[in-house]
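Remarks on the structure that follows.
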Amino acid sequence: MAFDIDMIKKVYAQMAARVDKAREITGKPLTLSEKILYSHLWDGNPNKAFQRGKDYVDFAPDRIACQDATAQMALLQFMQAGKKTVAVPTTVHCDHLIQAKQGAALDLKRANETSNEVFDFLESVSNKYGIGFWRPGAGIIHQVVLENYAFPGGMMIGTDSHTVNAGGLGMVAIGVGGADAVDVMAGMPWELKFPKLIGVKLTGELNGWTASKDVILKVAGILTVKGGTGAIVEYFGPGAKNLSCTGKGTICNMGAEIGATTSTFGYDDAMERFLRATDRAEIADEANKIREYLTGDDEVYANPEKYFDQVIEIDLSALRPHLNGPFTPDLATPVGQLGEKAKKNDWPIKVDWGLIGSCTNSSYEDLSRAASIAQQAVDKKLKPKSDFGINPGSEQIRFTAERDGLLEVFENLGATIFTNACGPCIGQWDRSDRKGDEKNTIVHSFNRNFSKRADGNPNTHAFVGSPEMVAAIAISGRLDFDPMNDTLLNENGQEVKLDVPVGLELPPKGFEVDDNGYLAPTEDGSSVEVKVAKNSERLQLLEPFLPIKDSELRGVKLLIKAFGKCTTDHISMAGPWLRYRGHLDNIANNTLIGAVNAFNKKTNFVKNQLTGEYGGVPNVQREYKAKGIKTIVVGDHNYGEGSSREHAAMQPRFLGVAAVLVKSFARIHETNLKKQGMLGLTFANEADYDLIQEDDTFNFVDIADFSENKPLTIEIVHKDGSKDTIKANHTYNDAQIKWYREGSALNLIKKQNA
């Protein structure tokens, strides 16, 4: 069925006029990204041309999606806004709190027992405020959104960085922090700096072992983890039209790993096929009426250098399969070259696990292509050398794949079919074959491979590839295996070669499901009671943050100077900590425990300037808080990359961190800091990072004059009494400075609604 069809018809009804007006105002043809942005302005019809990378713009997103881990804090915040119902269509998806261990049935049963109070809270709060609720086991949020809610030309935001997956169906879909989502739920505009545009022209056609995943693995190698920051990546060209809708989703999904605001494709026949296959023919019919408005203008794609800030061209016919990693998703290596690189870098060649699924690669097409390799292993009498784990993307996909015999193929190889949930991709994996920090290698079709991400082991070398390549590598059990050229010895002692994978874009018999796991909210939720136990260890009602006084920004202590990569996983780990995502005080006990202290290269071991002793970051910070002392966190480049985890901003704020000063920020994290009423600052001179010493105290000498486009002056007082004065840049505009002065964006919303 087509959810929210009236809303979609309204978007389409006004799109042509708004796009035409935007063309008139800008005086040029438009990219698809610009068409969607200009047709979703909060003020309605465009009345000015915006400068990319400079102008802050208010938008009106069409819908919101939240996953269970982030939804807890988002909805706890929304409860403070004083609204009776959400202002735009919103859904909650329970996919993060299910640990992969024994298999779908037992794992889901255990999750419903251990996280029942969280699921009960989310179901009740959704029912009260008019939010659609997808039960545990229904599927991974981004796959469920693609199958049910995404529509060409729409704009959505979600409380997960991989919301961008919906770009595969022609949306501008952006991952945000929960506070951003709360603004929109409460009927407020959503602010974004007008993005820059990166165009990726695709020519040719995928063939052989090369998959859609290899497109983004290649792009990640070109742009690196921060090359897309502040930009929308728009894919176009004849090669783009040759990709399936779910293949496009895979590419857009992993665009989060290059820091892109989002990624998208123009509406085409593959998207229409997917809409009709997922029982949304009415949307396809409506989209066809304004088809030319749901893709970039012809002149843009004919002369992309004139209309994009950067253009990359990839010939799909010549593209080779890649495996990216370890420890970063942008370390791109063509398969066949990885063995030599692994030996040179002392990466373990033996592969212990092959994991297929996650929101990136869990479609029917993905499973069918991987199953074609698995079936060959059975037919050619090859016994897999690695363990297999499979996470279907949704109950609809699982049911259909089981009906069509795909899951049985994997089970015949001894694979474990996990729940339709995130599982190992986000660290929700009780891995039975490893203990301690033993050095090992895994391959997976996920999107991220940061240290400790999958299993908590810092020495697990994780490599990212397509599902079919993961299957081949896992069957061989070796990282240096090249299925395009190498042979394997089967159980009969014969050398056999794997054939090229084959797959099905869509199930020939159509999708089928008995129960998709969806619960619609009651029409009037005024009498619904939200379930939060007073003594809960998992959930805690929020208290508003107090504004940071100017006087508190003198004598600020250094909490930690983070060395190297510091992602949201380092600032607020997932895994076992997911259980506390709805309890700010409890989850604050993991704050920055994964960050490396620049002064001793250890994690969770910082100096307490009050005692001179060393301790865990949260413990030291709580001592500062008890004494009423504000602190500062110093970091390197792309600080806060990774998940849209707003806990990485809320936890330091809750514990008394006033400012974060870094060389550069990941976009979402910088916004999250602003939303929570903190100072997110960057060194005007990056070399000043080296001035910071372990016992430093900071004075924000001109904070009283905090204003737009004016750097702040910070006096650094060293232990020996010497001082350095530095400049710190910021990107706060007047509205965001008001968030800071009120203590948080939510405080300002409540004040305006009072």
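The values are calculated or read from the model by the stated rules, or taken from the named source; none is laboratory data. Everything numeric in this text was worked out from a predicted model, so none of it was measured. We place every Cβ from the backbone using ideal geometry, glycine too, and count neighbours over all the protein chains shown. With ligands, DNA and RNA removed, areas are computed over all heavy atoms of the protein, side chains included. Shrake-Rupley method; radii C 1.70, N 1.55, O 1.52, S 1.80 Å.
Rounded if a/c is under 1.5, else prolate if a/b beats b/c, else oblate: with a ≥ b ≥ c from the C-alpha gyration tensor eigenvalues square-rooted, which is the range 1-126?
prolate
What does DSSP give for the chain in terms of the percent of beta bridges that are antiparallel, rounded to the nearest 5?
Antiparallel bridges: around 35 percent, rounded to the nearest 5.
Among bridges DSSP assigns within the range 183-288, what percent are antiparallel (round to 5)?
10
With a 1.4 Å probe and all protein chains kept in place, how much accessible area does D55 have, in Å² rounded to the nearest 10?
30
With the dipole of the chain worked out from charges on the C-beta (+1 for Lys and Arg, -1 for Asp and Glu) around the Cα centre, which of V164, M15, A574 lies farthest toward the positive end?
Of V164, M15, A574, it is A574.
For T114 and N345, FRET efficiency with R0 = 60 Å and r from the beta-carbon atoms, rounded to 0.05?
About 0.95, to the nearest 0.05.
Give the long-range amide H neighbours of G170: residues separated by 5 or more places, or on another chain, with amide H under 5 Å away, using H modelled in the peptide plane at 1.01 Å from N.
It is F265, by chain and number.
First check a/c for the range 68-204, with a ≥ b ≥ c the square roots of the eigenvalues of its C-alpha gyration tensor; if it is under 1.5, answer rounded, and if not, answer prolate when a/b is larger than b/c or oblate otherwise.
oblate
Along the charge dipole of the range 86-208, Cβ charges K/R +1 and D/E -1, which of A150, G177, G199 sits furthest on the positive end?
G199
Averaging over all projection directions, find the projected area of the Cα convex hull of the range 282-343 and quote it in nm² with one decimal place.
Averaging across all directions leaves 7.8 nm² for the Cα convex hull.
Using unit Cβ charges (K, R positive; D, E negative) and no other charged atoms, how large, in debye to the nearest 20, is the dipole of the chain about its Cα centre?
So the dipole magnitude of the chain works out to roughly 1560 debye.
Please state, to two decimals, what the Cα-based radius of gyration of the range 465-582 comes to when divided by 2.2 N^0.38 Å (N = residues).
Dividing the Cα Rg of the range 465-582 by 2.2 N^0.38 Å gives 2.02.
Over the Cα atoms, compute the radius of gyration (one decimal) and Dmax (the largest Cα-Cα distance, rounded to a whole number) for the range 332-491, in Å.
For the range 332-491, the Cα-based Rg and Dmax read 14.8, 45 Å.
Along the three principal axes, how long is the range 36-83 when you take its alpha carbons, biggest first, rounded to the nearest angstrom?
Principal extents (largest minus smallest coordinate, Cα): 38, 23, 17 Å.
Please turn the phi angles of the range 481-496 into ³J(HN,Hα) values with the Karplus equation 6.51 cos²θ - 1.76 cosθ + 1.60 (θ = phi - 60°), one per residue in order, whole Hz, x for glycine and proline.
For the range 481-496, the Karplus-derived couplings read 6, 10, x, 6, 10, 8, 10, 10, 8, 8, 5, 8, x, 9, 7, 10 Hz, x marking Gly and Pro.
Let me understand the range 612-729 better: what is its radius of gyration from the alpha carbons, and its Dmax, in angstrom?
Looking at the range 612-729, its Cα Rg and Dmax stand at 14.1, 40 Å.
What ratio of Cα Rg to 2.2 N^0.38 Å holds for the range 278-419?
Rounded to two decimals, the normalised Rg is 1.41.
What is the Cα coordinate range of the range 565-662 on the first, second and third principal axes, sorted by size from largest, in whole angstrom?
Rounded to whole Å, the extents work out to 34, 28, 22 Å.
What whole-number volume per residue, in cubic angstrom, does the convex hull of the C-alpha atoms of the chain give?
149
How much of L75 can a 1.4 Å solvent probe reach, expressed as accessible area in Å² and rounded to 10?
0
What's the long-distance tail for the range 425-498, i.e. % of Cα pairs beyond 14 Å?
64
Answer with one residue from G296, G82, G594: the one whose Cα lies farthest towards the positive end of the charge dipole of the chain, charges on Cβ with Lys, Arg +1 and Asp, Glu -1.
Most positive-ward Cα: G594.
Just check the range 133-209 against the gyration tensor rule for me: Cα atoms, a ≥ b ≥ c as the square roots of the eigenvalues, rounded for a/c under 1.5, and otherwise prolate or oblate depending on whether a/b exceeds b/c.
Verdict is oblate for the range 133-209.
Could you pull out every residue, at least 5 positions away or on a different chain, whose amide H is within less than 5 Å of the one on I312? Hs are placed 1.01 Å off N in the peptide plane, and Pro or chain starts have none.
G199, V200, K201
In whole Å, what are the Cα extents of the range 58-148 along the three principal axes, biggest one first?
46, 27, 18
Using a 1.4 Å probe on the protein heavy atoms, what percent of the accessible area of the chain belongs to carbon and sulfur?
Values: 12030 of 26050 Å².
Solvent-exposed carbon and sulfur of the chain make up 46 percent of the total.
Karplus couplings for the range 525-540 from phi (6.51 cos²θ - 1.76 cosθ + 1.60, θ = phi - 60°), rounded to Hz, Gly and Pro as x?
Residue by residue, the range 525-540 yields x, 4, 9, 6, 9, 6, 8, 9, 6, 5, 9, 5, 8, 9, 10, 8 Hz.
Hey, what's the Cα Rg ratio for the range 1-55 versus the globular rule of thumb, 2.2 N^0.38 Å?
For the range 1-55, the normalised Cα radius of gyration comes out at 1.23.
Could you tell me the ratio Rg/Rh of the range 705-754? Both radii from Cα atoms, Rh via Kirkwood.
Ratio of gyration radius to Kirkwood radius for the range 705-754: 1.19.
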